[in-house]
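The values are calculated or read from the model by the stated rules, or taken from the named source; none is laboratory data. If you're wondering where the values come from, they're calculated on a predicted model, not measured in any experiment. Here the Cβ positions follow ideal geometry from the backbone for every residue, glycine too, while neighbour counts run over all protein chains shown.
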Amino acid sequence: MRLKKITLHLTEMELVQPFESSLERVETRESVIVEAENSDGTVGWGEGVAFSSPWYTEETVKTSLHMLQDFLIPICLHREYRHPEEVHASFSGIKRNRMAKAAIEMAVWDVYAKQLNRPLSSVLGGTREAVEAGMVIGLDTIPSMLKSIDHALAAGYKRLKVKIKPGYDFDLIHEIRKQYPYIPLMADANSAYTLEDADKLKSLDDFGLMMIEQPLASDDIIDHAVLQKMVNTPICLDESIESAEDARKALDLGSCKIINIKPGRVGGLAETIKIHDLCLKRNIPVWCGGMLETGISRAHNLAAASLPNFTIPGDLSASSRYWKEDLISPEVTVQNGLVAVPSGAGIGFEVDRKKLGKYTKQTFHASN
Ligand SMILES: O=C(O)CCC(=O)c1ccccc1C(=O)O
Ligand SMILES: [Mg+2]
């Protein structure tokens, strides 16, 4: 592969309803959509999942654009890649900025799979034809959150995740469990607690949660190891795991029993496979997280989630969960609690150029 032209589309889309976590309330979502055209005319798509401000990780939409325009795209445009696994390695001179790196790496995977005329899922080593859908319920009043859970269950979702934060934890889960004693349920704290809250987190053990996601600091694996020894509920790490090396260290320390892999967070699909393979070897289940993304990143997540060790339903919901209209055609839908893994070449969805144009605020071109 030799990329001859890369276009960045900066989009802005309003969520169908605001989404609140312990850290931030998101109402509109800016995204960096990467369109990579290969010398043979094949076009691949990727998406940068950094947010407009650095509340989840340090990257932002603007830092992603800067990294892509000034560092990453010039590297890609002057290279011949035999395989997409070479892309992440070609960025080795550039520290971190994994969301920016993933955006372009994923576009190269899409080009590669399209050249082979194979679905991206099978190129990655995926074995599933459909993946189980999970819904995330943002922070709101307890009655509103219960109502959202009703709707999600009626729509067939197989697993529910609720956001929690200090003061919005025990009572919330208690109320949910009163109505739904057995639904597969988990809680995501987005790093809102410290070890001083260990008793509070321990009190959640009674509710039979599948896991508690990222209870402690976003860059921590030490305190999480201490906490995991104190609580029975499995800890799942999200923010703390940015690479296969991070995962290895966390597993060696006993910081978690489950890992949430977001291809966008870990630098792309090659690193996703590495973390997946490591966890498979260590008997650690993984699942695919979401980033309030458009269908382009969702399509990549879907391909990743078709790998064998993605055994827990992820944050994979229908396009309509967050968007009035998505950028891809067809949109992602949930049927009987499942999302079908597409069988077309590459990401298996068409990018709808009319919709992409409608939501694009700015476009940047680079070519050699
Ligand atoms: O449904 C989704 O797309 C994921 C929702 C979610 O939990 C989330 C959304 C934005 C940023 C971080 C997270 C998270 O998993 O922590
Ligand atoms: Mg999370």
Of the candidates 20, 80, 37, the one satisfying the condition of being within 16 Å of ligand 2 (Cβ to nearest atom) and not aromatic (Phe, Trp, Tyr) is 20
Look at residue 70 and say whether it is more than 20 Å from the chain's Cα centre (by Cα), assigned to a helix (DSSP H, G or I), more than 16 Å from ligand 1 (Cβ to nearest atom) and surrounded by fewer than 16 Cβ atoms within 10 Å (Cβ to Cβ).
yes
Kindly evaluate residue 348 against the criterion of being away from ligand 1 (no atom under 15 Å from the Cβ), at pLDDT 95 or above, under 14 Å from the mean Cα position of the chain (by Cα) and not in a helix (DSSP H, G or I).
no
Residue pairs qualifying under the 9 Å Cβ cut-off, at least six apart or on distinct chains, with the first in the stretch 232-252 being touching a residue at least 60 places away in the same chain (Cβ under 8 Å) and the second being of a type in the set (A, V, I, L, M, F, W, C) and surrounded by fewer than 21 Cβ atoms within 10 Å (Cβ to Cβ), are 239/217
* Just a yes or no: is a residue in the stretch 124-140 surrounded by 15 or more Cβ atoms within 10 Å (Cβ to Cβ) and hydroxyl-bearing (Ser, Thr, Tyr)? -> no
Within the stretch 149-172, residues part of a helix (DSSP H, G or I) and surrounded by fewer than 20 Cβ atoms within 10 Å (Cβ to Cβ) come out as 150, 151, 153, 154, 170, 171
Scanning the stretch 173-191 residue by residue, those within 14 Å of ligand 1 (Cβ to nearest atom), part of a loop (DSSP other than H, G, I, E, B) and either of a type in the set (A, V, I, L, M) or outside the structural domain of residue 236 (by TED's automatic domain parsing) (or both) turn out to be 189
- request: Inspect the stretch 216-236 for any residue being among the hydroxyl-bearing types (Ser, Thr, Tyr), closer than 27 Å to residue 58 by Cα and surrounded by fewer than 22 Cβ atoms within 10 Å (Cβ to Cβ) and give the result as yes or no.
  value: yes
Restricted to the stretch 279-305 and to residues being polar (S, T, N, Q) and surrounded by 23 or more Cβ atoms within 10 Å (Cβ to Cβ), the residue farthest from residue 51 (Cα to Cα) is 301
Of the residues in the stretch 285-338 that are under 11 Å from the mean Cα position of the chain (by Cα) and aliphatic (A, V, I, L, M), the one that is farthest from ligand 2 (Cβ to nearest atom) is 299
Residue 135 - would you say it is closer than 30 Å to residue 220 by Cβ and in a strand (DSSP E or B)? yes
Of the candidates 135, 145, the one satisfying the condition of being modelled with pLDDT of 95 or more and either more than 16 Å from ligand 1 (Cβ to nearest atom) or under 21 Å from the mean Cα position of the chain (by Cα) (or both) is 135
| said: Looking at the stretch 192-207, can you tell me whether even one residue there is within 16 Å of ligand 2 (Cβ to nearest atom) and in a loop (DSSP other than H, G, I, E, B)? | reply: yes
